Every structure is written in structure tokens, then in C-alpha cells.
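See structure below.
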Ligand SMILES: C[S@@+](CC[C@H](N)C(=O)[O-])C[C@H]1O[C@@H](n2cnc3c(N)ncnc32)[C@H](O)[C@@H]1O
């Protein structure tokens, strides 16, 4: 661990007083490591029964577990199959607090790489609309990859500024998460680069930006809706002070007690203009729990207008839908999901019903990518494969995790098989990894080139 910046040490010593020696001692401890089971694909009990890792529960997240340092969960084929997401344990406190219901309209405004988006999705159980937005284009792509791997059927991935989104979705969302870009002080132990990039000027810059982002988020929440604001930093300027300024400017918002607060420490009203209700917000201190540093506050919008937005009017040719339907008839035993089709070039997407017009917005994924139309036939997408269960497919082939054909498949090789001809889901222990197409006892590999093991 690199030396901590002097002015940071001085500030934290001043803020924490007697506690500061415990706080600084926590830097000598190893960083905490966690995985979160993707309950869209597997139940917690089922995963624990087949877990190759020794796991210990994270107290504040039913889906979260600590793993030991010598495990490499990112290299296991269960990771490729989207059975879990590697997530820092404190970051798992946020989605259970926002706890969206199936069928709701949810926005994750600062979403990449997707840890919290994919956690929110587990609560939505594939129903409703989950808009995951990321400001930085390269990070939006990574977000879309994680959304695909974890098999979120109802997610839309956008690459927009908060202000442009606020014009498109006024008073519309039931729940919004602002996991704001911050100075990252809570990540110094996990990510030494955050420590090197730190400066007092950046703290001030982040605080201003966070308030701007929150203001835009506020415009998108319906009355009665809930909003979580979170950071992974300790500076009061970015946390209590931002909450205080936001509430001053937005009287239609109030703080609510943060769920599962018994596991965390209350935020400090003195660091936010002595607002008493700031004790409802929480701080996750690395010397008080097994996790890195975080701050989080839950708001409710108590008043305001509800807005009905005109639904996205999409046009698709009858031929493209019929090609997709004939693919479903021949290859799937489940009915196609409900929604509305959108054709972009040769790519067919399924959008959730009641999605407003996205035409003026930059999107990476406007809905679930179903596949591509190719000369009078339909080729299913990898994204579609990752939303299916093995039992949804007419043909599937499943291997044990250590079977050599798994690695061959993930390298892009063809496999000799005894299966019937046609589109086949290739699975590990019945969990899909992607498509293959059987022709004359050979499984042609349709695992995406960009994902193959080199
Ligand atoms: C703390 S990270 C989000 C982590 C994510 N929620 C997760 O759990 O995986 C904050 C994100 O905000 C994005 N960001 C940067 N500037 C922004 C801005 N002006 N408006 C909105 N988001 C911004 C960053 O690119 C970054 O991906």
C-alpha cells in the first residue's frame, strides 16, 4: 500500500479523533473480497451446494459472500455462465436498500461496470424496466457485457449525460440509484490507483459534480419514488454536505432511515450543517465492518407531478418477426417474452412494453438483443442464450465444469457430438454458456469471437 496523502491523513485524523488509529490500522488489513450470487440464474442454496469456493455470508446482502484470497472466482466457468458477480462486499449494501419490485421502472444513473445494476436486477426478477446508464462510452460497453453475462432480460443500456436523460424521462422512474463518481477514498486499500489520483481539488470537483447529478436525478423521480445516493469516499464535502445542499434546494425530498442500518454507522449531522435527519444516512467504515468505505442515503420524493410519456413507436417488418417466431417454434420450448420489437439494421431487439421513445438518446442496448436476420433465416444472439435456461431449449448439451470440451468450446473450437441437428445451447451443469449449431455430428461454435479464450 502506497503512503496516504498527507492532507488526507490530517483531515481523517481531525474528523475521527480517537477512532483514527483504528481507521488507519485498517489499511494494514487485506482488502475484502466478495461474490454475489446471481439469483436470476441460480438460487442461493443451489449455488452453495455446488460452490467451488469456501464462502462466508455478507451480513447485509442475502446474495453476498466473502471468499478467500487464494480463490480465483473470475477464472471459473461459473463466472462465464453468469452465476455470480465479483463485488466488493460494502457495495452490496446499496441494492437491498433501494429494493426495486418486479414490474417497476428503475434507473441506475452511474452504472458501469454494473455491480449495482445487476444486483438491482435480481430484485426485479426480470420484470419491469431497468435503465442502466453510463456517461463514459468505453465503460458503457463493459456495463453491457456484464448485463449480458448475467442474463438481464429487461435492461436497457444507455450512454448519456444525466441532463439529457432528465429531459427524456421527467418524473417517470419509481426508483433511482445515483452511485456517484467520487474521489474514491474508500477504495485506497482495494485500488492503489485511487490513492495516487487523489487531490483536495478533485474532492471539491467531485462534490460539485455529485450535486449536479443528483439534481438531474431528482427531476426523473415520480412522486412517492425512492432514490439512493451513494459514494465510496469518506470526505464529508462529498457526502453529508452534498445531502444537506440537495435537501436545501429540493424541499420535495426527505431522508428515510437507511435499510439494514444496524450493520452500519450513522452519518454525522455535524459534517452536514447539523441537519438532524442526516443520522438516517449511513457510513460504512473499514475499521467497523468487513468491507471497504462507503456512504449511502435513501430519499423519498414526497410531492410533484407524475408524467405519462408516449411509448416508443417501433416499426418492424412482418417478415422479420415471422423469422424470429419460426426460430422460437423450432428451437425453444418457452414462449417468446412479452414486449415490442425493434429492428436496427438486421438486428432484432425486444423492448419492454411502455418504454418511452429512445430515438434521441445514445444507447448501447435498447432492449434485449434477440438476434440477427440473415438471408431469410434468424440467427439467435449470445445475449438471448444468456437469458435462457437449458430447459427452454429444444436441444442442449451440458458438461461438467472440468470437462475438457468446456474449454474447447470457450476457445471457439468445433466439437464432435451425438446430438440431433439444430441450434443447441451449450451448458455447464445445465447453465448456458452460449449457442452452437449441430450439423452432421459436429457442433459449430457460435460463442462470440470477442469473448473467446485466446
Ligand atoms: C462509482 S462508479 C459506478 C459504479 C457502479 N454503480 C457499479 O456498482 O458497478 C461511477 C460512474 O459514474 C460515471 N461518471 C463519470 N462522470 C459522470 C457524470 N458527469 N455523470 C454521470 N456519471 C458519471 C463514471 O464513469 C463511473 O462509471
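Values in this text are rule-based calculations from the coordinates and carry no lab data. A quick note: this is a predicted structure, and the numbers were derived from the prediction, not measured. Note that we place each Cβ from the backbone using ideal geometry, even for glycine, and neighbour counts take in every protein chain shown.
When each of the peptides 61-71, 118-128 is scored by how many other beta carbons lie within 10 Å of its residues on average, the order from highest to lowest is 118-128, 61-71.
Report the Rg/Rh value for the chain, based on alpha-carbon coordinates and the Kirkwood definition of Rh. Ratio of gyration radius to Kirkwood radius for the chain: 0.99.
The alpha-carbon positions of region 310-387 define a convex hull whose volume is 94 Å³ per residue. Taking all Cα-Cα distances within region 390-454, those exceeding 14 Å account for 50%.
Rounded to two decimals, the Cα radius of gyration of region 211-318 over 2.2 N^0.38 Å is 1.30. Taking the C-alpha atoms only, the angle from helix 240-249 to the longest principal axis of the chain is near 90 degrees.
Set the Cα radius of gyration of region 260-346 against 2.2 N^0.38 Å, with N its number of residues, and you get 2.09.
Taking 0.36 nm per residue of separation and subtracting the current Cα-Cα distance, fully stretching the chain between residue 268 and residue 394 would add 39.6 nm. Taking the inverse of the average 1/r across all pairs of different Cα atoms in region 309-454, what Kirkwood radius in Å do you get? That comes to 16.3 Å for region 309-454.
Taking Cα atoms only, the orientation of helix 6-16 departs from the longest principal axis of the chain by about 70 degrees. When peptides 24-31, 264-271 are sorted by average Cβ neighbour count within 10 Å, with the highest value leading, the order is 264-271, 24-31. Its relative contact order, with pairs defined as Cα atoms under 8 Å and 6+ residues apart, puts region 390-454 at 35 percent.
Taking other C-beta atoms within 10 Å as the exposure proxy, 358, 152 rank 358, 152 from fewest upward. At full extension, residue 319 and residue 68 could sit 85.1 nm farther apart than now, given 0.36 nm per residue minus the alpha carbon distance. Rg and Dmax of region 374-424, based on Cα coordinates, read 12.5, 38 Å. Computed from Cα atoms alone, the Kirkwood hydrodynamic radius reported for region 1-94 is 15.3 Å. Stretched out straight at 0.36 nm per residue, the stretch from residue 420 to residue 440 would grow longer than its current Cα-Cα span by 6.4 nm.
Sorted on the mean count of surrounding Cβ atoms within 10 Å across their residues, most packed first, peptides 102-109, 315-322, 9-16 read 102-109, 9-16, 315-322.
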